[in-house]
Amino acid sequence: MAELTELQQDIITFYHRNPFIEYLHAEVIATEDGGVHLELSVEDEHTNLYGIVHGGVLMTLADTACGAACLALNKKVVTIDLGMDFMHSVPLTTRLIAKGTVLHDGRRTMTCESELRDKNGKLYAKGHGTFYVLGPFREEDEE
């Protein structure tokens, strides 16, 4: 992949300062389209008593992937609403890839969806959320 853009570097740094993302051991990975996605290798601490990934972990990945898609459009957001559809349980050792997509890019609110898949493309869960725009992510882009 080509060299990271400044925006991608800023997004990666931003999320690696987030203690909960670091606690989960989620990685923020630059994509060729100028954005980022998250990846997580499922370990014991991500599972519930049934040995599958806890729904809260999946919701965190979905929420963060949507937030990253908003940051890629230079908008800092907080979540207003987030819903999830869980299609399949995620077993231990699965490498999850969480990608967010902006569906509506408004001045005050944004609507996004996210998909959580494995490296083979199997869809485990989908998220859909509404986000409130706090302001620009990078002030210098406002000029």
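Taking the stretch 96-134 as the range and being closer than 14 Å to Leu58 by Cβ, touching an Asp or Glu at 6+ places or on another chain (Cβ under 7 Å) and either free of Cβ contacts under 8 Å to residues at least 24 places away in the same chain or of a type in the set (D, E, K, R) (or both) as the test, the residues that pass are Lys99, Lys126. Residues in the stretch 1-52 that are more than 18 Å from Asp63 (Cβ to Cβ), touching an Asp or Glu at 6+ places or on another chain (Cβ under 9 Å) and among the hydrophobic types (A, V, I, L, M, F, W, C): Met1, Ala2, Leu7.
Ala62 fulfils the conditions (1) closer than 18 Å to Thr93 by Cα; (2) out of contact with any helix residue (DSSP H, G or I) (no Cβ under 7 Å at 6 or more places or on another chain); (3) among the small types (Gly, Ala, Ser) except for a single criterion, (1). Taking the stretch 121-143 as the range and being assigned to a loop (DSSP other than H, G, I, E, B) and within 18 Å of the chain's Cα centre (by Cα) as the test, the residues that pass are Gly121, Lys122, Phe137.
Glu22 passes every criterion in (1) farther than 24 Å from Leu103 by Cα; (2) touching a helix residue (DSSP H, G or I) at 6+ places or on another chain (Cβ under 9 Å); (3) of a type in the set (Asp, Glu); (4) in contact (Cβ under 8 Å) with a residue 12 or more places away in the chain apart from (4).
Only the coordinates and a few stated rules stand behind these numbers; no lab work does. Note that the coordinates shown come from a computational prediction; the quantities given were computed from them, not determined experimentally. Positions of Cβ are generated from backbone atoms using ideal geometry, with glycine treated the same way; all protein chains shown enter the neighbour counts.
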